[in-house]
Amino acid sequence: MDSLEPKLVTIFGGSGFVGTQLVQQLARRGHRIRVAVRRPDLAGPTRMFGGVGQIQPIQANIRNVPSIQRAVAGADIVINLVGIGYRKGKQTFDTVHVDGAAAVARAAKAAGASTLVHMSALGIDAASKVSAYAASKLDGEAAVHAAFPEAVIIRPSIIFGQDDGFFNLMGMLTRLFPVMPLIGGESRFQPAFVGDVAEAFALAAEGRVKPGRIYELGGPQVETHRALLERVQREALRTRPLLPLSPGIAKLLALPFAILPYPPLLTSDQVDLLGFDNVVSDAAIKDKRTFAAFGITPTSMDTILPTYMWRFRKHGQFDKPAAHGTAA
């Protein structure tokens with residue numbers, strides 16, 4: 001699809017997993033892009049995705065309103081991809097997902113931006129009753145639409161791709177541990193390919209879908225958490241037993257990670273999230289608020305996972321799938 005007239009786009013969180021894909025999508029469409037991040041000195045590689053001067057990293061922190069206002073000044077399109085999976089210091093779910101999202105929406109409206117696209121998460125309606133993460137995402141959506149009623153909100157399921165945070169983590173664990181802990185084994189997920197998600201954001205930014213709506217993005221396959229871990233093992237050529245854990249035991253195991261100075265492998269809130277389905281709702285399917293609204297045929301995990309999950313095999317790319325059952 002041909003692009004519209006090139007615009008100035010500000011992307012908060014544009015150097016992340018989805019952000020780098022989106023920057024490439026918009027650069028190919030001819031747009032000028034500000035990559036708004038806390039550390040622009042670390043976002044320099046995003047410049048390579050466009051022509052000279054087309055992509056400019058800029059300092060911004062969504063907990064700092066003046067920096068948000070500077071980042072969106074003169075922008076035609078504003079996209080907010082910022083989100084956190086665990087709380088640390090001043091980076092709480094509410095300060096980032098609610099207050100920060102509202103600040104971006106208000107600044108975009110005040111700056112005269114024509115379009116705002118906001119990233120949320122799938123499955124938060126039911127999970128919000130017990131999960132602080134899900135509750136903050138839901139409150140953030142309401143805050144965004146209160147400040148910018150025409151905003152497009154996109155809820156993706158688990159996102160997979162070369163540098164994803166789910167399949168790579170599970171692959172690492174299956175390589176290191178003799179057993180694989182299984183939490184919420186029957187909860188359903190609908191993983192979406194990062195390239196498809198980025199394309200949806202690009203199309204939403206260009207006004208290709210109806211504004212003021214919430215879109216839900218899931219891939220072509222719905223699988224339980226158990227089935228996803230079994231898929232990881234098939235790709236990694238491993239045969240680790242799955243050890244089902246009750247939510248209570250899983251939360252006890254998560255406690256030590258809360259005091260470590262590194263990103264935790266598991267938090268109590270994530271245990272709660274794993275107890276809920278993460279799939280596109282029937283209402284979204286009926287209203288065509290899915291990939292169908294963007295004209296995108298979602299990509300299968302079968303196509304993408306083999307291109308990077310081989311790294312978790314015993315001998316890497318030298319182990320072939322036919323050898324499954326012989327690797328340790």
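For this structure, a couple of remarks:
- Some residue of the range 125-140 being touching a strand residue (DSSP E or B) at 6+ places or on another chain (Cβ under 7 Å) and surrounded by fewer than 23 Cβ atoms within 10 Å (Cβ to Cβ): no
- Listed by position, the strands (runs of 3 or more DSSP E) enclosed by the range 152-269 that each have at least 2 residues that are closer than 30 Å to Ala102 by Cα are 152-156, 214-217.
- Residue in the range 290-301 that is assigned to a helix (DSSP H, G or I), modelled with pLDDT of 95 or more, within 20 Å of Thr174 (Cβ to Cβ) and not aromatic (Phe, Trp, Tyr) present: yes
- Matching option when the condition is at pLDDT 95 or above, among the hydrophobic types (A, V, I, L, M, F, W, C) and either surrounded by 19 or more Cβ atoms within 10 Å (Cβ to Cβ) or touching a Gly at 6+ places or on another chain (Cβ under 6 Å) (or both), among Val222, Val280: Val280
- Number of the exception - Ile285 against (1) over 26 Å from Ser128 (Cα atoms); (2) without any contact (Cβ under 8 Å) to a residue 40 or more places away in the chain; (3) touching a helix residue (DSSP H, G or I) at 6+ places or on another chain (Cβ under 9 Å): (1)
- Restricting the first member to the range 58-82 and to residues that are touching a residue at least 40 places away in the same chain (Cβ under 8 Å) and farther than 20 Å from Leu22 by Cβ, and the second to residues that are surrounded by 24 or more Cβ atoms within 10 Å (Cβ to Cβ) and of a type in the set (A, V, I, L, M, F, W, C), the beta-carbon pairs closer than 9 Å and six or more apart or on different chains are Val65/Ala107; Gln69/Ala107.
- Flag for Phe160 being under 19 Å from Gly14 (Cα atoms), of a type in the set (Phe, Trp, Tyr) and in contact (Cβ under 8 Å) with a residue 60 or more places away in the chain: yes
- Filtered residues of the range 115-151 (kept if farther than 11 Å from Asn80 by Cα, β-branched (Val, Ile, Thr) and in a helix (DSSP H, G or I)): Ile124
- Options Ile62, Ile68: the member that is buried (at least 24 other Cβ atoms within 10 Å of the Cβ), of a type outside the set (Ser, Thr, Tyr), in contact with a helix residue (DSSP H, G or I) (Cβ under 6 Å, 6 or more places away or on another chain) and outside any loop (DSSP other than H, G, I, E, B): Ile68
- Only residues that are under 14 Å from Leu217 (Cα atoms), hydrophobic (A, V, I, L, M, F, W, C) and out of contact with any Lys or Arg (no Cβ under 7 Å at 6 or more places or on another chain) were counted in the range 118-159, giving 5.
- Selection within the range 268-322 - over 30 Å from Lys88 (Cβ atoms) and β-branched (Val, Ile, Thr): Val280, Ile285, Thr290, Ile296, Thr297, Thr299, Thr303, Ile304, Thr307
Conditions (1) of a type in the set (Ser, Thr, Tyr); (2) more than 30 Å from Phe12 (Cβ to Cβ); (3) without any contact (Cβ under 8 Å) to a residue 60 or more places away in the chain; (4) surrounded by 18 or more Cβ atoms within 10 Å (Cβ to Cβ), marked per residue:
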site	(1), (2), (3), (4)
Met170	no, no, no, yes
Phe201	no, no, no, yes
Glu206	no, no, no, yes
Arg238	no, yes, no, yes
Ile249	no, yes, yes, no
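- Among residues of the range 288-307 that are in contact (Cβ under 8 Å) with a residue 24 or more places away in the chain and surrounded by 12 or more Cβ atoms within 10 Å (Cβ to Cβ), those with a Cβ under 7 angstrom from a residue that is among the aliphatic types (A, V, I, L, M) and in a helix (DSSP H, G or I), sequence gap 6+ or separate chain, pair up as Thr290/Ala284; Phe291/Ala200; Phe294/Ala200; Phe294/Leu203; Ile296/Ala200.
- Between Arg29, Arg87, Arg39, the distinction of being within 25 Å of Phe166 (Cα to Cα), of a type in the set (Lys, Arg) and crowded, with 17+ Cβ neighbours inside 10 Å belongs to Arg87 only.
- Of the residues making up the range 96-114, those that are buried (at least 18 other Cβ atoms within 10 Å of the Cβ), in a helix (DSSP H, G or I) and either without any contact (Cβ under 8 Å) to a residue 24 or more places away in the chain or not charged (D, E, K, R) (or both) are Val96, His97, Val98, Gly100, Ala101, Ala102, Ala103, Val104, Ala105, Ala107, Ala108.
- The residues of the range 270-289 that are among the polar types (S, T, N, Q), within 30 Å of Leu237 (Cα to Cα) and outside any helix (DSSP H, G or I) amount to a single one, Asn278.
- Of the set (1) assigned to a loop (DSSP other than H, G, I, E, B); (2) of a type in the set (Gly, Ala, Ser); (3) touching a residue at least 40 places away in the same chain (Cβ under 8 Å), all apply to Gly53 but (3).
The values are calculated or read from the model by the stated rules, or taken from the named source; none is laboratory data. Because the structure is a prediction, the values reported are computed rather than measured. Virtual Cβ from ideal backbone geometry, glycine too; neighbours counted across all protein chains shown.
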